[in-house]
Amino acid sequence: MESASATMKKIGELLIDSGLVTEENVQQALNEQPQKHGMLLGELLIEHALIVEEDVYRALSQQMGISFYNNDKLLSAKEDVVRIIPEAFAKENRLLAVESVNSTLRVAMSEPDDIIALDNVQKLTDMHVEPVLSTPGGILSAIDQLYVRIRTQGEVKDVIGDLQFFAEADNEEEGMVDMTAAHSELSDAPLVKLVNMIIAEALKERATDIHLEVQSDHVSVRYRIDGVLMEMMRPPKSAHAGIVSRLKIISKLNIAEKRLPQDGRFTIISPDKETDVRVSVLPCVNGEKIVLRLLEKSSFTWNLTNLGFEDRELKIFRRWIKQPYGMVIISGPTGSGKSTTLYAALNEIKSSEDNITTVEDPVEYHMDGINQVQVKPKIGLTFGSTLRHILRQDPDKCLIGEIRDAETADIAVKFSLTGHLVFCTLHANDAPSTITRFLDIGVPAFLAGSVINLVMAQRLVRRICKNCKEEYTPTKSEIEDLGMNYEEVKDNLFYQGRGCVHCRGTGYFGRTGIFEILEMRQPIRRLVFDSANIEDIRERALALGMRTLRDAGITKVLKGSTTIQEIQRVTVQEY
């Protein structure tokens with residue numbers, strides 16, 4: 001009887017009964033309908049951010065008396081069931097086979113009253129079809145991920161087959177291998193297909209790095225997505241030698257050398273983009289490990305407002321990047337977004353009145369109105385030699401991709417002292433230690449204190465996935481471990497990602513920046529002139545208003561952008 005009464009109710013009533021909206025919310029949306037050109041009630045409530053798409057479809061499932069499958073349940077569908085319906089048919093009709101019981105096939109649809117689609121599925125599968133309800137976005141995402149998984153696993157099996165890949169020679173004394181046999185095997189289409197597939201899937205999944213590591217019985221293929229490694233594929237161990245040799249050849253490396261590390265590169269050109277791939281080969285006990293770093297060559301589209309700056313931080317940063325001379329230093333580990341921040345700064349201040357030149361390795365983005373130089377150490381085009389020549393090019397502003405040695409640091413300081421604005425990056429853990437690192441390279445303290453205008457350390461933290469974001473209550477210990485006062489924030493709303501098909505079950509999608517900005521005010525400059533230790537510099541900077549990376553992360557947590565666990569992952573607590 002409850003089911004029958006539920007089917008008699010309207011969507012608005014069901015949403016009210018579930019406690020998601022109030023009668024006033026529903027009435028207001030109904031009043032707006034005439035002005036919204038016939039938008040459905042659910043669409044209006046979603047537009048007002050009162051509910052999400054899943055809430056509407058759950059109510060619809062109650063009204064229609066059929067089961068509802070959320071994103072997680074769709075993604076858990078067994079692959080042998082999913083493949084019952086061909087991928088092309090599933091995409092065209094926006095439906096997905098999710099369960100098979102005896103001769104009945106349950107099919108997820110967003111429009112379960114589509115009789116034509118149901119009849120076509122029945123004819124195609126020769127099974128009794130039972131529709132279940134899911135959101136359109138959930139179905140499309142699940143189709144994309146599940147069929148890719150099926151296709152990938154099938155292709156790996158087909159590609160490997162019974163091929164015997166070239167193995168390392170037993171005699172390692174001279175590192176000799178049979179080059180003829182190696183090149184013969186490398187010309188096989190299946191091997192090329194496997195390597196191409198690994199790279200293509202990485203590009204599709206927004207990966208920044210690919211790690212290929214040989215294990216006891218397989219090759220682990222891991223992608224770094226949003227800063228975290230995820231295993232995506234497991235080709236058999238017999239494929240390892242062939243994969244390594246194939247990547248060495250396209251990177252123009254020595255396939256006969258298996259005892260020493262090697263570095264190379266190649267470029268992938270597709271119809272819509274060009275990707276620069278940096279290749280690093282490292283000899284390990286089990287075999288050579290390869291890491292591919294993927295750098296998409298594209299026009300720069302970021303600006304300072306969408307990097308994650310808080311209003312106060314953005315105001316400070318903008319003030320210093322518009323100074324006529326001095327140095328702005330960005331620090332952080334590899335992959336922390338330093339170059340992106342500097343590009344965004346140049347994008348904001350560039351004009352036809354300035355001559356702006358960059359020296360980079362590699363040039364990650366191409367920008368109009370800026371002269372970009374790619375260093376090539378093999379032919380003598382180093383940071384130092386390039387910067388000396390740039391001085392003869394009448395520059396106004398300069399970006400140095402990374403200060404790696406005393407020579408580069410010395411030229412950068414001279415640039416700043418002669419009336420130029422210099423942007424550069426440096427590897428350091430935080431803003432105060434960036435200054436001491438600069439001194440360690442060999443820059444005299446009186447020069448460093450004179451030329452540095454601003455030091456900023458930064459990290460990238462993962463954003464909570466918008467599709468599965470939900471409230472939760474952290475424990476007292478979680479809050480205190482992050483450095484927050486429990487009594488002060490216990491009433492604040494905290495969020496996490498439940499995990500869905502859109503974010504591959506991680507609860508995160510995309511990244512944002514957190515920043516630690518140290519302005520070189522006179523008290524800080526005096527400490528640098530006196531070669532003060534890092535703790536004195538940090539203490540004075542904090543007294544003058546500097547916020548640590550941990551504090552910047554806490555702000556993101558309280559605003560609902562990221563999680564406590566993510567800030568603990570990328571920052572340290574100062575004691």
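The values are calculated or read from the model by the stated rules, or taken from the named source; none is laboratory data. Because the structure is a prediction, the values reported are computed rather than measured. Note: ideal-geometry Cβ built from the backbone for every residue, glycine included; neighbour counts use all protein chains shown. Protein only, heavy atoms only, side chains kept; ligands, DNA and RNA dropped before computing areas. Shrake-Rupley method; radii C 1.70, N 1.55, O 1.52, S 1.80 Å.
What do you reckon, how do Lys466, Lys490 stack up by accessible area (1.4 Å probe), largest on top?
Most to least solvent-accessible, the answer reads Lys466, Lys490.
Using 0.36 nm per residue, how much length does the chain from Ile534 to Glu53 gain when fully extended, once their Cα-Cα distance is taken away?
Difference between extended and current length: 168.0 nm.
Decide, for segment 444-575, between rounded, prolate and oblate: order the square roots of the alpha carbon gyration tensor eigenvalues as a ≥ b ≥ c, take rounded if a/c falls under 1.5, and otherwise choose prolate if a/b is larger than b/c, else oblate. Walk me through the numbers on the way to the answer.
Working: a/c = 3.56, a/b = 2.11, b/c = 1.69.
The shape class here is prolate.
For segment 498-575, report the % of Cα-Cα distances exceeding 19 Å.
Numbers: 1501 of 3003 pairs.
Tail of the P(r) past 19 Å holds 50 percent of the pairs.
When the helix-only estimate is applied to the chain (DSSP H runs of n ≥ 4, each -39,500 (n - 2.57), divided by the residue count), what is the mean residue ellipticity at 222 nm, nearest 500 deg cm²/dmol?
So the calculated ellipticity at 222 nm is -12000 deg cm²/dmol.
Which ³J(HN,Hα) values, rounded to whole Hz and listed in residue order, are derived for segment 125-134 from phi using the Karplus coefficients 6.51, -1.76 and 1.60 in 6.51 cos²θ - 1.76 cosθ + 1.60 with θ = phi - 60°, glycine and proline given as x?
Ordered by residue, 3J(HN,Hα) equals 9, 6, 10, 6, 9, 10, x, 10, 9, 8 Hz.
Helix 23-32: angle to the longest alpha-carbon principal axis of the chain, degrees 0 to 90, nearest 10?
80 degrees
Computing the accessible area with a 1.4 Å probe over protein heavy atoms, can you report the carbon and sulfur percentage for the chain?
The C+S portion of the solvent-accessible surface of the chain is 48 percent.
Eigenvalues of the Cα gyration tensor times 5, then square-rooted: what semi-axes does that give for segment 384-439, in whole angstrom, largest first?
Numbers: eigenvalues 90, 25, 17 Å².
Taking √(5λ) for each Cα gyration eigenvalue gives 21, 11, 9 Å.
What pairs in Lys258/Lys289; Lys322/Lys350; Lys204/Lys297; Lys258/Lys297; Lys322/Lys397 have C-alpha atoms more than 19 Å from each other?
Among Lys258/Lys289; Lys322/Lys350; Lys204/Lys297; Lys258/Lys297; Lys322/Lys397, the Cα-Cα distance tops 19 Å for Lys258/Lys297.
So which trypsin sites (Lys or Arg not before Pro) in segment 262-356 are both in a DSSP loop and have at most 14 other Cβ atoms within 10 Å of their Cβ?
Counting only loop positions with at most 14 other Cβ atoms within 10 Å, the trypsin sites (Lys or Arg not before Pro) in segment 262-356 are Lys273, Lys322.
With everything on Cα atoms, drop me the angle between helix 189-204 and the longest principal axis of the chain, reported from 0 to 90° to the nearest 10.
Helix 189-204 and the main axis of the chain meet at about 90 degrees.
Which GluC sites (Glu not before Pro) does segment 498-575 hold that lie in a coil by DSSP with at most 12 other beta carbons within 10 Å?
Those satisfying the criteria are Glu574.
Given H placed on each backbone N at 1.01 Å, which residues far from Val219 in sequence or on other chains put an amide H within less than 5 Å of it?
Those qualifying (amide H under 5 Å, at least 5 residues apart or on another chain) are Lys237.
What is the calculated FRET efficiency for His427 to Ala88, with r their C-beta to C-beta distance and R₀ = 45 Å, to the nearest 0.05?
So the FRET efficiency works out to roughly 0.40.
Within segment 344-381, list the GluC sites (Glu not before Pro) lying in a DSSP loop whose Cβ has at most 11 other Cβ atoms in a 10 Å radius. Provide the component values of the computation, followed by the final result.
Numbers: sites: Glu348, Glu353, Glu360, Glu364; in loops: Glu353, Glu364.
Here the sparse-neighbourhood loop sites are Glu353.
List the lysines whose Cα lies under 18 Å from the Cα of Lys476, skipping any in the same chain that are fewer than 8 positions away.
Lys490
If you line up the Cα atoms of segment 399-494 on their principal axes, what length do they span on each, largest first, in Å?
54, 30, 22
Can you list, by residue number, the Cys in the chain that have no neighbouring cysteine C-beta under 4.7 Å?
Taking the Cβ cut-off of 4.7 Å, the unpaired cysteines of the chain are Cys284, Cys398, Cys424.
Among residues other than Arg538 whose Cβ falls under 9 Å from its Cβ, what is the net charge (Lys/Arg +1, Asp/Glu -1)? Before the final figure, lay out the partial values.
Numbers: positive: Arg540; negative: Asp430, Glu535, Asp536, Glu539, Glu574.
Overall, the nearby charge balance is -4.
Using the Karplus equation 6.51 cos²θ - 1.76 cosθ + 1.60 (θ = phi - 60°), what ³J(HN,Hα) coupling, rounded to whole Hz, does each residue of segment 338-343 give in order, writing x for Gly and Pro?
Ordered by residue, 3J(HN,Hα) equals 4, 4, 4, 5, 5, 4 Hz.
Just to confirm, what accessible area per residue do you get for the chain at 1.4 Å probe, in whole Å²?
Working: 28420 Å² over 575 residues.
The answer is 49 Å² per residue.
Need the full-extension length gain, Leu544 to Lys193, defined as separation in residues times 0.36 nm minus the C-alpha distance. One decimal, nm. Please list the in-between numbers first.
Working: separation 351, 0.36 × 351 = 126.36 nm, distance 5.79 nm.
Using 0.36 nm per residue and subtracting the Cα-Cα distance, I get 120.6 nm.
If you bin every alpha carbon distance in segment 288-407 into 10 Å steps from zero, what whole percent lands in each bin?
The percentages, shortest bin first, are 11, 42, 36, 10, 2, 0.
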